[in-house]
Structure formats: structure tokens, C-alpha cells
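See below for the structure under consideration.
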Amino acid sequence: AYVTASVGIADADRLHDAIREADTAMYHAKSLGAARYAFFDESLRARATSAIETATALRGAIRRGELEVYYQPIIETTSRTTVVYEALLRWNWQGRVRTPNEFIPIAESTNLIKEIGEWVLRTAMSDLVTLRSDGQDVTMSVNVSPMQLRDDSLPVIVGRLLDTYGLHGADLALEITESVLIDDMGTAKSVLDRLAAMGVLIVLDDFGIGYSSLSRLRAMPIALLKIDKSFVHQIGTSESDTQLIRAIVAMASALPVATVAEGVETEEQAAIIEALECRFAQGFLFGRPAPVAHWLLESAETRAGR
């Protein structure tokens, strides 16, 4: 085994400031890759200040009603019917709607992720009940953070919410990233096995851009693989990416696991995805993320024959 070090360097008058700033620089060095060093400078100071401001505002976001869940459809490729909605968190702050990559890392670093994650699960399940009452035969998929999967209470929380809304485990899918398979497989597997035993579907998001091995993939109770949009965008123009998707679909069917193609934006891409026997697809061609009211209105317009 090889051991590497990440080093943060700071120059400050007070010991407390030097430790804090060196720590900030060290985490920046870690983000650059293994065996790096970084100096604390004004850009890192501004970034640290912004992170503190964001974390402070995020603490009251639920109470102030600033968080909202948008939904994007996942369709069955042969019928073009919506079968799942993916729940996507948004934060209305300072006059702008922010996406998860702008604030979830801060929520994870400040332990706010458990409260926010539970709120998203509750909201998504409540909206699923609303969508089904509207006549839509769909299930719900919710992203979970690696931090949530290190918490043994997640299956308990999910079970309680399923009971609250009269749902079954199979009505819910939880999306995880490949980093879970790499960074903390032991704890994550225990939590995922408990969730899978409840009937909850486990989805591996952004497949193909990480480094998880096939043996690790087989060890987890994965039900679906989502093929990363970076491959889908190139099909039709890049034969290698088309063949790669073909290989992923073949591998998944052997596991056996279903596949979802992410980022489908054109009819040409949709046709190729269907020809490759990828069972499900998601992307702007089928719908952009929108509040639940949008999908209820679209459903009403469809029934009215518009």
C-alpha cells in the first residue's frame, strides 16, 4: 500500500487562525487530488467566508420554506410512458434557485444533510401520493448522500415515512453514487441491504465515470444502473460511446440489473437507446425538472386531449 499526504499551509499572527486557515488549505489540497499541497490565500478566504454564509442560511431554509422539490420523469423507452419521477432538490435563496451541487456539499460538511435528506424523502413521498391520486401510475426516486448511508437510522426513517404515507418499499427508489462503493462499502452495504430487504430499489447513478469494480457492484443490492449522460450525449457521433453503452446494457442484463440512460435530448439519441435495449431513459427530451404542480397540470391537459 502507498500512503500519500495532503498539506495545507498558512501564515497567520494567531495560532487559532493559522490552524483554521491551514485546515481550509489542506481540504483544498485534497480536492485537487492525492499528494498535493496548497497555500491559504485570499481566494480561499473568500471561499471559506462564502461557505460559512451559505451554511448559516441553510440552517433555517426548511423553516423559512425556501427548499422545494422538483421532479423529472423517467420513461419506459418502448412506450414513452412515465414510470418514475426523480426528486431533485432546489433552494430558493437570495433571489435565485440553486441546484444541489451549490449547497449539498456544505450540508454534508455541517451535518445538515440528515435533516434536509429526511425533508426531501417526506416531501417526495407526499407528492407521490398526490400524483397517484391524480391517476398517474408512477413510483418515486430520491437521491441520498453518502453521509446519509453512513447513518444506521436511514432504514428506520424510510420505513416510518412509508408507513405514514401508506406506501410500499417498491414504491421508492434511492439513488446512490459510485463513491459509496469505493469510500465506505462496509457501512453502506449494511444500510443498503436493510433498505433492499424492505423492497426499496437501489439505483446506482452516473455509472461509467467512477472507479468501482464489478465485484463491488455485484456485492451491493443494486436494481438499476443509470448510464451517465456524458456517454449518451456522444451516441450517434461517437461509435465508441455507442458500443460502450451496448456493453454496459449487456453487463447489466447479466447481473441482472435494469438500465436508465441519462441526458437524452434528441429523438436520434432516444432511438439509439431503444435499439440498444436500454429499458428506461431520462432527459430534457422527455421533460425538464419542474414542481409537482407542473406535472399535475400536464396530466390534466393530456386527459383533456390537448
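Read-outs: derived from the displayed coordinates by stated rules, not from any lab. Fair warning: this is a prediction, and the values are worked out from it, not measured in the lab. A quick note on method: Cβ atoms are made from the backbone with ideal geometry, for glycine too, and the neighbour counts reach across all protein chains shown.
Tabulated data
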item: Residue order, fewest to most surrounding Cβ atoms within 10 angstrom, among Asp163, Asp151; result: Asp163, Asp151
item: R0 of 22 Å, Cβ-Cβ distance Ile209-Thr99: FRET efficiency to nearest 0.05; result: 0.75
item: Assigned charges on the beta-carbon of Lys, Arg, Asp, Glu; the chain dipole about Cα centre (debye); result: 440 debye
item: Within a Gaussian network of the chain (alpha carbon springs, distance under 10 Å), most fluctuating of Thr259, Thr82, Thr110; result: Thr110
item: Taking Glu86, Glu277 and counting other C-beta atoms within 10 Å, the order from fewest to most; result: Glu277, Glu86
item: Dipole axis of the chain (+1 Lys, Arg; -1 Asp, Glu on Cβ), positive-most option in Val138, Tyr70, Tyr165; result: Tyr165
item: Choice from Leu174, Leu32, Leu285 with maximal GNM fluctuation in the chain (Cα, 10 Å cutoff); result: Leu32
item: Arg218/Leu296 FRET efficiency (R0 35 Å; Cβ-Cβ; nearest 0.05); result: 0.30
item: Cα-based helix-to-principal-axis angle, 15-32 vs the chain, degrees rounded to 10; result: 40 degrees
item: Cα centroid separation - the stretch 68-103 against the stretch 44-64, whole Å; result: 23 Å
item: Where a label projected 7 Å from the Cα of Ala35 along Cα→Cβ would reach, residues of the stretch 3-17 with amide N under 11 Å; result: 3-5
item: Within the stretch 63-103, backbone nitrogen closer than 17 Å to the virtual label 7 Å beyond the Cα of Thr110 toward Cβ; result: 63-68, 90-96, 98-103
item: Principal-axis tilt of helix 42-59 within the chain, Cα atoms, nearest 10 degrees; result: 50 degrees
item: Fewest-first ranking of Phe207, Phe39, Phe231, using other Cβ atoms within 10 Å as the exposure measure; result: Phe39, Phe231, Phe207
item: Value at 222 nm in deg cm²/dmol, rounded to 500, when DSSP H runs of n ≥ 4 in the chain each add -39,500 (n - 2.57); result: -14000 deg cm²/dmol
item: Stretchable slack from Ala55 to Phe284, in nm (0.36 nm times residue separation minus alpha-carbon distance); result: 79.3 nm
item: Under 27 Å from the Cα of Lys30 - lysines, other chains or at least 8 residues apart; result: Lys114, Lys189, Lys229
item: At R0 = 51 Å, FRET efficiency that the Cβ-Cβ distance of Arg80 and Arg14 yields, to 0.05; result: 0.20
item: Rounded tilt (10° steps) of 154-164 against the dominant C-alpha axis of the chain; result: 40 degrees
item: Long-range HN-HN contacts of Gly283 with modeled amide H, under 5 Å; result: Gly263, Val264
